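The values are calculated or read from the model by the stated rules, or taken from the named source; none is laboratory data. Computed from a predicted structure; not experimentally measured. Every residue, glycine among them, receives a Cβ derived from its backbone with ideal geometry; neighbour counts consider all protein chains shown. Note: accessible area is taken over every heavy atom of the protein model, side chains too, but ligands, DNA and RNA are not part of it. Shrake-Rupley method; radii C 1.70, N 1.55, O 1.52, S 1.80 Å.
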Amino acid sequence: MKKHNQTNLFKANSLAQIYEKEMTPYWAYDLNVIKSQIEKLKAFDVIRYAQKTNSNIHVLKLMKQNGVFVDAVSEGELFRALKAGFDNKKNPNEIVFTADVINQQTLNLVVENKIPVNAGSIDMLEQVGKVAAKHPVWIRINPGFGHGHSQKTNTGGENSKHGIWHTQLEQALNVIKKYDLTLVGIHMHIGSGVDYGHLEQVCDAMVLQVEEIVKLGFDLEAISAGGGLSIPYHIDGAEIDTEHYFKLWNNARIRIENLLKHSVSLEIEPGRFLVAQSGILVSKVHAVKLMGQNKFVLVDAGFNDLMRPSMYGSYHAISVIKNKPDGKLEWACTEGNVEDVVVAGPLCESGDVFTQHEGGVVDKRTLPIIAVNDLLVFHDAGAYGASMSSNYNSRPLIAEYAFDNDNITCIRRKQSIDSLIALEDI
Ligand code: LLP
């Protein structure tokens, strides 16, 4: 059994400091990992972080400090971006609003803060146009095909609700003209956890759309390749070849520049790629029990914390930290005795299992022998972990810690029990 490389990032005794405060479960992020992931995409003109992935304001500030711009999909995400210091009045491109629908309050906020709207429907273009002539807009095109690690994360094709259907480009441009909106760019995001065998198809689809845009007498200054870049969740998985990925998009950019007869800015909009490998979820074992042929290990984190296995059957590598009799914590040796176990959480729901396939089929994981009070660490949990958590079973949101070399900072406190009923009249 190979050791996961995150076991080198997080020292067991540092994790213990948090554990000693009786704080499991909790999230921990290594900030250096985020910085090095950003570096891998620096060939693009703009890296726009899809903050739905992990919207902690500390993470957003780190993005800003490292020259990354941001995407927002709701009033709450706009609020976070503004609080983190992104400011379109200083630089009109720092925040872009990309959503399927926009309500009046959010519309007022984008207009007031000069935030371009990446329109997901022709209706949305109408709604923006009616209140703000000349407002900058992008058009999000659904090219008619998509891919994702799960059908639930595929955002293209006719089973997807996202974007403006590719054959309706002219209608969209007519609305832009009617309200004198400013067309900034064209955007395609075909899914999350994409198989990039299909990348050339996306690039070609983008070039075709721009050909049409030019024919219809419009211009634009930017193209966005969307997000979707995957990471190796399995220990032996391959890293994405970011150089190859950039080359393909850069070729598309050159073809587009030839059509427009001027340069355009090439954007990318990753989420998972930037933050997944920075994060872990640390939980504590409360019970180990035999159920027929299955040995269940029950921890104090549930799918209300990390939803991905229950929602998509997603795989997260798991490591064990042994709680030694002398009270010291140590990453378990991966060469010793192992056993096959099902890892599950505390929720009153059978689907609260971390080792399962899509569709809910329970799976087993080979792990070092586990005892009550050991810690179980779920790897690569920095993306779509904390940001997808809920209060199900009235469990408070858990704390988030940032590891920055030797400094450990609490970047979100654990939610208090009182706050669970703060909005309800008693
Ligand atoms: N841009 C748009 C318009 C998006 O909708 C998304 C993700 C991204 C960029 C970033 O995609 P990424 O680079 O992270 O693949 N909860 C799922 C993923 C849902 C993705 C939603 N949209 C998961 O845990 O796998």
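Inspection of region 252-262 identifies no residue that is in contact with a Leu (Cβ under 9 Å, 6 or more places away or on another chain) and within 15 Å of the ligand (Cβ to nearest atom).
Of everything in region 378-426 that's in a helix (DSSP H, G or I) and without any contact (Cβ under 8 Å) to a residue 40 or more places away in the chain, which residue is farthest from LYS35 (Cα to Cα)?
ILE421
Just one of the listed residues (LYS178, LYS161) is surrounded by fewer than 21 Cβ atoms within 10 Å (Cβ to Cβ) and either free of Cβ contacts under 8 Å to residues at least 24 places away in the same chain or within 21 Å of the chain's Cα centre (by Cα) (or both), and it is LYS161.
For region 362-377, the criterion of a residue being assigned to a loop (DSSP other than H, G, I, E, B), open to solvent by less than 10 Å² (accessible area, probe 1.4 Å) and closer than 13 Å to LEU306 by Cα is satisfied by no position.
Condition check ((1) of a type outside the set (A, V, I, L, M); (2) over 17 Å from the mean Cα position of the chain (by Cα); (3) assigned to a helix (DSSP H, G or I); (4) in the same structural domain as TYR233 (by the TED database)) across all residues:
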residue: ASN13; (1), (2), (3), (4): yes, yes, yes, no
residue: GLU22; (1), (2), (3), (4): yes, yes, no, no
residue: TRP27; (1), (2), (3), (4): yes, no, no, no
residue: VAL33; (1), (2), (3), (4): no, no, yes, no
residue: GLN37; (1), (2), (3), (4): yes, no, yes, no
residue: ILE47; (1), (2), (3), (4): no, no, no, yes
residue: LYS52; (1), (2), (3), (4): yes, no, yes, yes
residue: VAL59; (1), (2), (3), (4): no, no, yes, yes
residue: LYS64; (1), (2), (3), (4): yes, no, yes, yes
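If only residues of region 90-130 that are in a helix (DSSP H, G or I), closer than 19 Å to LYS177 by Cβ and not acidic (Asp, Glu) are counted, the one that is farthest from the chain's Cα centre (by Cα) is LYS130.
Within region 320-355, how many residues turn out to be among the hydroxyl-bearing types (Ser, Thr, Tyr) and either open to solvent by 20 Å² or more (accessible area, probe 1.4 Å) or more than 28 Å from the chain's Cα centre (by Cα) (or both)?
Of the residues in region 320-355, the ones among the hydroxyl-bearing types (Ser, Thr, Tyr) are 334, 350, 355.
Narrowing the set further to residues that are either open to solvent by 20 Å² or more (accessible area, probe 1.4 Å) or more than 28 Å from the chain's Cα centre (by Cα) (or both) leaves 334, 350.
Summing the residues that are among the hydroxyl-bearing types (Ser, Thr, Tyr) and either open to solvent by 20 Å² or more (accessible area, probe 1.4 Å) or more than 28 Å from the chain's Cα centre (by Cα) (or both) in region 320-355 gives 2.
On the stretch given as region 197-225, residues that are part of a helix (DSSP H, G or I) and open to solvent by 50 Å² or more (accessible area, probe 1.4 Å) total 10.
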